[in-house]
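Everything on this sheet refers to the single structure shown next.
Throughout, read-outs are computed from the coordinates displayed, never taken from laboratory work. Note that the structure is a prediction, hence the values are computed from the model and not measured. Cβ: placed from backbone, ideal geometry, glycine included. Neighbour counts: every protein chain shown.
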Amino acid sequence: MAIEAEWAQSMGEVEMGALRALLKVLAESIPESTTAGNVPAETSTLSKTRKKKETV
């Protein structure tokens with residue numbers, strides 16, 4: 001809560017409310033099976049980039 005209050009003071013209450021709303025939309029759009037540390041390595045962007053470089 002302290003960090004959120006600090007950001008609200010820095011960016012403004014209206015902007016903080018908008019950020020909070022956007023983060024809520026983002027959080028709700030992530031499937032529950034895709035949680036941090038639960039994403040298969042072969043689906044990550046970094047993994048795809050590495051595989052691409054290896055085949056070149």
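Where Lys and Arg each count +1 and Asp and Glu each count -1, what net charge lies around GLU13 among other residues with Cβ under 14 Å from its Cβ? Net charge around GLU13: -2.
What's the FRET efficiency of ALA21 with MET1 using the Cβ-Cβ distance as r and R₀ = 22 Å, to the nearest 0.05? That pair, ALA21 with MET1, gives E of 0.80.
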